[in-house]
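The values are calculated or read from the model by the stated rules, or taken from the named source; none is laboratory data. This one's a predicted model, so the numbers in the text were calculated from it and none came from an experiment. Here Cβ is always computed from backbone atoms with ideal geometry, including for glycine, and neighbour counts include all displayed protein chains. For accessibility, only protein heavy atoms count, side chains too; no ligands or nucleic acids. Shrake-Rupley method; radii C 1.70, N 1.55, O 1.52, S 1.80 Å.
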Amino acid sequence: MHMFASALLAAAMAAHAVVASPIQARSPYAVKETHYAPREWTKLDRANGNKLVHLQIGLKQGNMDGLLKHLDEVSDPDHARYGAHLSADEVDDLVRPAKETCDQVEDWLREAGVGDVSYNTAKDWITVNLPIDFVEKLLDTEYHDYKHEDGSIVSRTTHWSLPRHLHGHIDVIQPTTSFFRGAANAATYVKTLDKVHDEVVSLSFANGQYGPSEISKVCNVSSVTPECFQTLYKTKGYKTKAAHKNSIGFTNYLEEVPIRPDTELFLKKYRPEAVSSAKDFKTYSINGGPLNDGPLTPEELENGGSHEANLDVQAIAGISYKTPIVSYSTGGRPPFIPDLTVVENDSEPYLVWVNWLLQQRSIPKIISTSYGEPEQTVPRSYAERVCKQFAAVGARGTTLFFSSGDRGLGGTDKCYTNDGKNTYKFLPAFPASCPYVTAVGATKNFEPEESAYRAGRNLSDGFHDLYSSGSGFSDYFKQPTWQKKVVPKYVKSIGDLYKGLYNPRGRGYPDLAAQGLYFAYFWNGTEGTISGTSASTPLTAGIFALVNDALLASGKPTLGYLNPWLYKKGYKGLTDITIGFSYGCNVQGFPVKKGWDPITGFGTPIFPELVKLAGGRV
């Protein structure tokens, strides 16, 4: 995304000293959006007005309905246009705002003292660096510092306004009311190998119950390796045939970056033929994201960074060799002591990343993301606009996998609404709740069968698990058409269970699942294990990268936006999981059932069957 010229910033800073609050405009100001600060954040003093923010203005898109129509057609396996994905230019043309929208917003900014503006390629986003006190006048609001319970601090507001005549031309402006942090859905249950074995006994594994099968020979419950996954999900023996046409990416936030020496150690031990992957994967820095992929610095060691990034690259390389791998590191961690001479890097990470991605002419066929937050931490306008950006990525033929989360229905002692009423309620996760991404849950155990992921020690009532597979129904996004045959059936099957605590008409997630407990991995030269849906998600992405490889080798298009195909045909290539519960919110939670359920989706991959159902050859 292009930045504003330095002259623009100078003009804005000069203007803010002389303009009244709010800025005089062609029509009166009216509140555009209000959003409460989440319970985990404490309001502090007014934000420093001299601090610069990276303001992103999302203009009303021109023909989003047209883009979604294209997306539905090219993603429906029974449609004549299935697989005819759009180019970057075609997507830009569809979402480009009307000239009136651009003119009205430009006039408003210019009259406020902001000079010439630059847009992204589709012209549906404007980005500018401005001091907070100028933004307060521009949006008729007040920013305060808010401190999260983990100690991080951001500058945000709980409401902002626009001149009335612009309400229909601007969808969203951030950072304003969004408290989204993009927390990792793993690296929370990290163990060195010497600490794992004691806990294995306390968890509900089927240890000692395995028969003399191939799986029992290669799957160790205390440290699960690529050979186990290859055997369990039946990718073993598959040789990539179209790597030159294929690629897989994964995202990193919060200063995470994959460490090449650790990846090399992992592959030398568990996938020796794939060692070159440690040297060959590409890395991109977005919005100041880090690129130091060598040994960890003392500061990085102290912060414990890169667990998530290491897990992602090692899980992907361990299953999808020789598919080219791309790593995206996006800046956005709010600093504890912001430097007033530079722009504070606390912008919304998904928004920055996906807008950057859509401007690239060539992007990976599959991208894995293991980060998320409660849906209610972001305003509906932000969630809806980011979700539309994900739809645009899908229209270009890329599958987006997101982890469903590791707190079941919403965590322990955390499940209260963010509307000022503090009502007890299940908390869905975002972006997993977006219908244009494929949400991945987690399982554990191998034989006699897999079950829903659940890890950690219970408290006295048995429902205070530290981690369980993310589960739920969106409060923001309605149930998509492709879920109509399975989600209502599940809701009906549980009757009045937890009635009023979730939205039965919302988009249900996850869509599918994979192993998520005790993945072997290396960090800082030491082998250990790591668990969560951030483990199951890159694993699943790597398996589907092989499905795409088989399709490309057969002259077929890649899967692209996966969900319509998955719910119509692809579910037949998954092993149904029937054991477990969602847990979270201090209750046992939704039960895992035959068919789709909001804990494991349709189940776990069977690679040869998925290839066959997609029209390829193994």
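For the reader, a short list of remarks on this structure follows.
- Global geometry of the stretch 461-534, whether rounded, prolate or oblate, following the gyration tensor of its Cα atoms and the 1.5 cut on a/c: prolate
- Across all directions, the shadow cast by the convex hull of the stretch 360-413 built on its C-alpha atoms averages 4.6 square nanometres.
- Estimated inter-spin distance, Asn524 and Ser362, nm [label 7 Å along Cα→Cβ]: 3.8 nm
- Computed on the chain, with alpha-carbon pairs under 8 angstrom and 6+ residues apart, the relative contact order is 17 percent.
- Most simply put, the chain has about 65% antiparallel DSSP beta bridges, counting only bridges with both residues inside it.
- Modelled FRET efficiency - R0 30 Å, Thr481 with Lys556, Cβ distances, 0.05 increments: 0.80
- Amide H contacts under 5 Å for Ala30: Leu162, Arg164, restricted to partners 5 or more places along the chain or on a different chain, H placed in the peptide plane at 1.01 Å from N.
- Here His244 sits with roughly 150 square angstrom of accessible surface, probe radius 1.4 Å.
- Residues listed by number, the stretch 247-261, amide nitrogen under 16 Å from Lys279 label point at 7 Å toward C-beta: 260-261
- Rounded to the nearest 500, the 222 nm mean residue ellipticity of the chain from helices alone is -8500 deg cm²/dmol, with -39,500 (n - 2.57) taken per DSSP H run of at least 4 residues.
- Counting only protein heavy atoms and a probe of 1.4 Å, the accessible surface of the chain is 51% carbon and sulfur.
- Placing a pseudo-label 7 Å from each Cα along the Cα-to-Cβ vector at Asp89 and Thr417 gives an inter-label distance of 4.9 nm.
- Spacing of the two label points (7 Å from each Cα toward its C-beta) at His144 and Ala30, in nm: 2.7 nm
- Area accessible to solvent at Asp475, 1.4 Å probe radius, in Å²: 60 Å²
- For the stretch 70-134, the set of trypsin sites (Lys or Arg not before Pro) satisfying both a DSSP loop assignment and a count of at most 14 other C-beta atoms within 10 Å is given as Arg81.
- Sequence-distant aspartates and glutamates (8 or more away, or on other chains) whose Cα lies within less than 17 Å of Lys612: Asp76, Asp78, Asp549
- Taking all Cα pairs closer than 8 Å and separated by 6 or more residues, the relative contact order of the stretch 431-544 comes to 33 percent.
- Euclidean distance of C-alpha centroids, the stretch 364-390 and the stretch 493-559, integer Å: 16 Å
- Residue-wise HN-Hα coupling along the stretch 232-249, computed from phi with Karplus coefficients 6.51, -1.76, 1.60 (Hz; x: Gly, Pro): 4, 9, 6, 9, 4, x, 6, 10, 4, 10, 9, 4, 5, 9, 10, 6, 9, x
- For the stretch 244-305, relative contact order (Cα pairs under 8 Å, six or more residues apart, normalised by length) works out to 39 percent.
- If you wrap the tightest convex hull around every Cα atom of the chain and split its volume per residue, you get 144 Å³.
- Stokes-Einstein diffusion coefficient of the stretch 268-313, Kirkwood radius over Cα pairs, 10 °C, 1.306 mPa s, in µm²/s: 127 µm²/s
- Exceeding the 31 Å Cα-Cα cut-off - candidates Lys279/Lys388; Lys234/Lys492; Lys217/Lys572; Lys236/Lys569; Lys414/Lys492: Lys279/Lys388; Lys234/Lys492
- Its residues counted as N, the stretch 20-119 yields a C-alpha radius of gyration over 2.2 N^0.38 Å of 1.58.
- Angle in degrees between helix 260-270 and the longest Cα principal axis of the chain, rounded to the nearest 10: 20 degrees
- With protein chains left intact and a 1.4 Å probe, residues in the chain average 37 Å² of accessible area per residue.
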